[in-house]
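Note sheet for the following structure.
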Amino acid sequence: MRLTRREEEVLDGILRSLANKEIANELNLSERTVNFMSLPCFAKFKVRGRLELMREASRHSLNSIPPAVGGSAPQLGPYQDQERREGYRRPANQGKVLPLARHRMMA
């Protein structure tokens, strides 16, 4: 599937979870132009909303990445996995129930 340069730029903004207004400011376009440039992306990816577009565009970009040369990713041994778990600290207030603050009504 082929996207124009502008469609790619708008799609990049959508993938970064930017609003149309933010994308427009970044690309020096009007918000309406960004809206119109996003519509062909919806059609090309055959989706109806921004979240679906993000999912499908991410899936397509992952499929276009060539596989790594030399096999699969290295597997962690039990010792390395244990180091990772020990490096994680639990929050100090684990298991404690904290009271919610009460808002006072002003008269």
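Here are the numbers for this structure:
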read-out	value
Of all residues in region 38-59 being farther than 14 Å from residue 15 by Cα and assigned to a helix (DSSP H, G or I), the one that is least open to solvent (accessible area, probe 1.4 Å)	40
Residue pairs meeting the criteria (Cβ under 9 Å; at least 6 apart or on separate chains; first within 17 Å of residue 55 (Cα to Cα), in region 3-22; second exposed (fewer than 14 other Cβ atoms within 10 Å of the Cβ) and among the hydroxyl-bearing types (Ser, Thr, Tyr))	15/58; 15/61
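The values are calculated or read from the model by the stated rules, or taken from the named source; none is laboratory data. If you're wondering where the values come from, they're calculated on a predicted model, not measured in any experiment. Heads up, the Cβs are rebuilt from the backbone with ideal geometry, glycines too, and the neighbour counts pull from every protein chain shown. The protein model used for the area step is the full one, side chains on, heavy atoms only, and it has no ligands, DNA or RNA in it. Shrake-Rupley method; radii C 1.70, N 1.55, O 1.52, S 1.80 Å.
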